[in-house]
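Note sheet for the following structure.
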Amino acid sequence: MHTDENEMKKAAAESAAALVTDGLVVGLGTGSTAKFAVAELGRRVADGLRIVGVPTSEATAAQARSLGIPLATLAEKPEIDLTIDGADEVEEGTLNLVKGLGGALLREKIVASSTKRLVIVVHGSKIVSRLAATGPVPVEVVPFGWESTARRLAGLGAKAVLRQKTNGEPFRSDGGNYIVDCTFETGVLAESLARELDHIVGVVEHGFFIGLTSEVHVAEPGGVRVLRTAK
């Protein structure tokens, strides 16, 4: 089953990567599904595709370099034509997202906010009727006083748990911050909760991606389904 799931993810990633054409600046996402898209772009670059990639994590940057994909920073390429990334949850209808279980949510959101067209690639199991109903929302926080920040998160109704590595040390993002995984009661409204999270002192960024997605390529047993936001 794991092999079949990976084959489905690969098909969806290749479907999204097919949107990339010569001369584009491309945001390169992070995570198991985005990794397939980067691999496909690397294959196409080897065949002559001319693009510049802006990676959303150090891990993605390393993968892209190994494949010969030319890279740039946002300072060098402040406007991105198309970004391909994964997601932990995609809300039906709105195509709003929860991202960050891979720990790269801050850089992912900066890149997503700088892109003209955000294309998401997911397995069908990631499609949900309501965000945060089945899994945690990652919240990136400043290490200093993180306990106080976690208490403020709990004040919003969250069960706030500091993410840790296998050795028990706090997980740190590429930016050196901690991540607090927040589980909320079912029935929360993502848009209003995102606004509240934006105003908590100590929060650097949260995993709600509201109003950013252009389309979603969904990997399913019957093939790849493409969801688009209503015009």
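The values are calculated or read from the model by the stated rules, or taken from the named source; none is laboratory data. Everything quoted here is computed from the prediction, not taken from an experiment. Every residue, glycine as well, gets a Cβ built from its backbone with ideal geometry; the counts of neighbours run over all protein chains shown.
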Only one residue in Ser66, Ser57 is closer than 28 Å to Gly175 by Cα and free of Cβ contacts under 8 Å to residues at least 60 places away in the same chain. Which one? Ser66
Checked pairs for region 94-112, first farther than 15 Å from Leu28 by Cα, second among the small types (Gly, Ala, Ser) and assigned to a helix (DSSP H, G or I), C-beta under 7 Å and 6 or more apart or across chains, list as Asn96/Ala190
Quick one: would you say Leu67 is at positive phi and aliphatic (A, V, I, L, M)? no
Would you mind finding the one in Val137, Val188 that is under 27 Å from Leu227 (Cβ atoms), surrounded by 13 or more Cβ atoms within 10 Å (Cβ to Cβ), over 20 Å from the mean Cα position of the chain (by Cα) and not small (Gly, Ala, Ser)? Val188
Could you tell me whether Val122 is more than 25 Å from Gly222 (Cβ to Cβ) and either crowded, with 17+ Cβ neighbours inside 10 Å or not assigned by TED's automatic domain parsing to the domain that holds Gly202 (or both)? no
What's the number of the only condition in (1) over 21 Å from Val111 (Cα atoms); (2) exposed (fewer than 12 other Cβ atoms within 10 Å of the Cβ) that Ala158 fails to meet? (2)
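Residues are listed down the side, and each one gets a yes or a no for (1) within 19 Å of Gly103 (Cβ to Cβ); (2) out of contact with any Asp or Glu (no Cβ under 9 Å at 6 or more places or on another chain):
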position: Ala150; (1), (2): yes, yes
position: Leu153; (1), (2): yes, yes
position: Glu169; (1), (2): yes, yes
position: Ser173; (1), (2): yes, no
position: Glu191; (1), (2): no, yes
position: Val204; (1), (2): yes, no
Taking Ala62, is it under 20 Å from the mean Cα position of the chain (by Cα) and surrounded by fewer than 20 Cβ atoms within 10 Å (Cβ to Cβ)? yes
Return the residue satisfying two criteria in turn: it lies in region 145-155 and is out of contact with any strand residue (DSSP E or B) (no Cβ under 6 Å at 6 or more places or on another chain) and touching a residue at least 12 places away in the same chain (Cβ under 8 Å), and of such residues it is surrounded by the most Cβ atoms within 10 Å (Cβ to Cβ). Arg152
Could you count how many residues in region 12-36 are surrounded by 20 or more Cβ atoms within 10 Å (Cβ to Cβ), of a type in the set (A, V, I, L, M) and in contact with a Lys or Arg (Cβ under 9 Å, 6 or more places away or on another chain)? 5
Give me the residue from region 175-231 that is among the acidic types (Asp, Glu) and in contact with a Ser or Thr (Cβ under 9 Å, 6 or more places away or on another chain) and, out of that set, farthest from Leu118 (Cα to Cα). Glu191
Which one of the conditions (1) in a loop (DSSP other than H, G, I, E, B); (2) surrounded by 17 or more Cβ atoms within 10 Å (Cβ to Cβ) does Gly48 fail to meet, given that it meets all the rest? (2)
Search result, residues across region 1-37 that are among the small types (Gly, Ala, Ser) and part of a loop (DSSP other than H, G, I, E, B): Ala18, Gly23, Gly29, Gly31
